[in-house]
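Bear in mind that the values in this text are calculations on the coordinates, not laboratory data. The shown structure was predicted, so the numbers you read here are calculated from the model rather than taken from an experiment. Here the Cβ positions follow ideal geometry from the backbone for every residue, glycine too, while neighbour counts run over all protein chains shown.
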Amino acid sequence: MDSLFNQLVMSCANTLPMHMPGHKRNTTLAPYLKKLAADIDITEILGFDHLHAPGGILRDGMDRAARVFHAEHSFFLVGGSSLGMLASIRAATRPGDAILMARNCHLSVYNAIALNHLKPVYIYPEVNEDYQINASISAEALEEAIISRRDAKVLVLTNPTYEGVLSDLTAIIDMAHQYGLTVIVDEAHGAHLGLSPLFPSGAVRAGADIVVQSLHKTMPSLTQTALAHVRSAPLAQEMQRQLSVFETTSPSFLLLASIDSCVKLIQDEGDRLFAAWAEALGAFDRMVGQLQVLRVLGYGQERGSTLPHVWGLEPSKLYISTLSADLNGQELASLLRRSYHIEPEMIAPQGVLAMTGMGDTVHTLTRLGKALVEIDREQSPVKQPKASFTVPRARSVMPMQTAERAPYQLVPVEEAAERIIAERLIVYPPGVPVLVPGEEISPQVVRYVMASMAADNTILHSRSEQADLIAVLRDA
Ligand SMILES: Cc1ncc(COP(=O)(O)O)c(C=O)c1O
């Protein structure tokens, strides 16, 4: 079976493109195209199959992905996990259904709920106060939600979280199935799970009905590339239909070839590549054992500790806490950036997330480790415990869809306490809504948003165009 990438290279070198895209591989006309790999940039033409009705080379590639990822049916996605979540929730629900979902789900899940007029019941993850992060979803919290809403059809969870926290998926999925729920797992940050004994097992093996994974987040593949894995044939058929609703009819074959090649690489050389990644993480681990005030979740001196409310951790995420140090996440990030030319993935007041991927090496991770050791040496321990900075729990007073369409006004964030929010408020990254329409803006939320702004996090509103103005219901 030839790879999509090889076929692209051969075909594009030998044919005159009288088809899209309009750049026609003319790098003299537009020199930037050379760097953008325009010489093999095509969309669907004869011989290259159809993403929305795969029966040729794309079908072969998706079947290979299913074998490699131990799935029944796999789909190539060129719109990231965001697309996968939209399509999978539409595939598994009917308009108006009740849906159980972890409150720390990504924005795309909330978009799916709004589009399909679903009635969400939120399951709050536990909070780990040592690191001030969202911890695992407990089976008890799930059972409570199930009992409160017996007509719910679907459960949606994020596993692992942005910071690498895992929940006990096997127990959760078994329980959800006993109650007849379809389980969708947002494994955007875990495309590397379940493929090697050196990394934790993932949602496919735990029996989830649909699993969505961003290849681009942790694996060697271009941005926007993702996979969805579906267990049953009828659900897979519906998933195909829903992907056609949300996904472009001109898929980039650069992206599709990237997915196909990445899957093939894992198939052919996965053992070696996972071992090299684990070795690089091991080298980092040995270095950060020396840290005095900075702490890395699951690494160094923290290794082996049993963290309250954390069922498990996956090792690719390096969450560096500044809670015990006399500097904040913003200051740590700017030291890493200015003095070491290291750009972190996410910055919060209480820490910084460094994301590793299969492309990291002993060299890159010891460079990060050395920077942290040097920075740590210059820091003093914090004099008094820092204020808690976890996303406050929200109280819903009105259905999201009703509040979203009600008259609203814009008010400064610091004056918004006790009002009802009329928009989605997101601190980015990671894109988990702090509040959705119809929820009360508590004083804790105001403090959280102000601190996030001070830390230079992007504040996304769905209505207000200014970070410091917030849309609230006019008559409430
Ligand atoms: C938990 C989670 N799910 C889904 C997404 C969306 O993934 P993508 O960027 O591949 O669309 C993200 C993005 O950060 C995420 O963190």
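The GluC sites (Glu not before Pro) found in the range 316-409 that occupy coil by DSSP, while having at most 12 further C-beta atoms within 10 Å, are E378. G438 sits among other residues whose Cβ lies under 11 Å from its own Cβ, and their net charge, with Lys and Arg +1 and Asp and Glu -1, is -1.
Converting the Cα gyration tensor eigenvalues of the chain into ellipsoid dimensions via √(5λ) gives semi-axes, longest first, of 35, 30, 24 Å. Between the listed residues A102, Q240, G312, the Cα displaced farthest toward the positive end of the dipole of the chain, a dipole computed from Cβ unit charges relative to the Cα centre, is found at Q240. Counting only other residues whose beta carbon sits under 10 Å from that of P54, what net charge do I get with K and R as +1, D and E as -1? Here the count lands on -2.
Partner lysines whose Cα lies under 18 Å from the Cα of K370, excluding those fewer than 8 positions away in the same chain, are identified as K317.
For the range 271-377, the relative contact order comes to 35 percent (Cα pairs under 8 Å, sequence separation of at least 6).
Spherically averaged projected area of the convex hull of Cα atoms, the range 187-342: 12.3 nm². When the helices of the chain are scored as -39500 (n - 2.57) per DSSP H run of n ≥ 4 and the total is divided over every residue, the value at 222 nm lands at -11000 deg cm²/dmol. Sorting 269-277, 289-297 by average packing, meaning the other beta carbons within 10 Å per residue, from highest down gives 289-297, 269-277.
Peptides 172-178, 310-316, 77-83 ranked from most to least packed, by the mean per-residue count of other Cβ atoms within 10 Å: 77-83, 310-316, 172-178.
Contact order, relative form, for the chain: 14 percent (alpha carbon pairs under 8 Å, 6 or more residues apart, mean separation divided by residue count). Separation of the range 421-462 and the range 279-294, taken as the distance between their Cα centroids, equals 33 angstrom. Based on alpha-carbon atoms, the Kirkwood radius and the radius of gyration of the range 400-473 give Rg/Rh equal to 0.92. Look at where the Cα atoms of the range 345-400 and of the range 157-175 average out, and the two centres are 21 Å apart. With the highest mean first, a sort of the peptides 199-209, 2-12 on other beta-carbon atoms found within 10 angstrom per residue produces 199-209, 2-12. Counted over all Cα-Cα pairs of the range 271-377, pairs farther apart than 21 Å make up 30 percent.
Shown here for the range 121-193: GluC sites (Glu not before Pro) in loop regions (DSSP other than H, G, I, E, B) with at most 15 other Cβ atoms within 10 Å, namely E129. Counting every other Cβ atom within 10 Å of each residue's Cβ, R337, R25 order from fewest to most as R337, R25.
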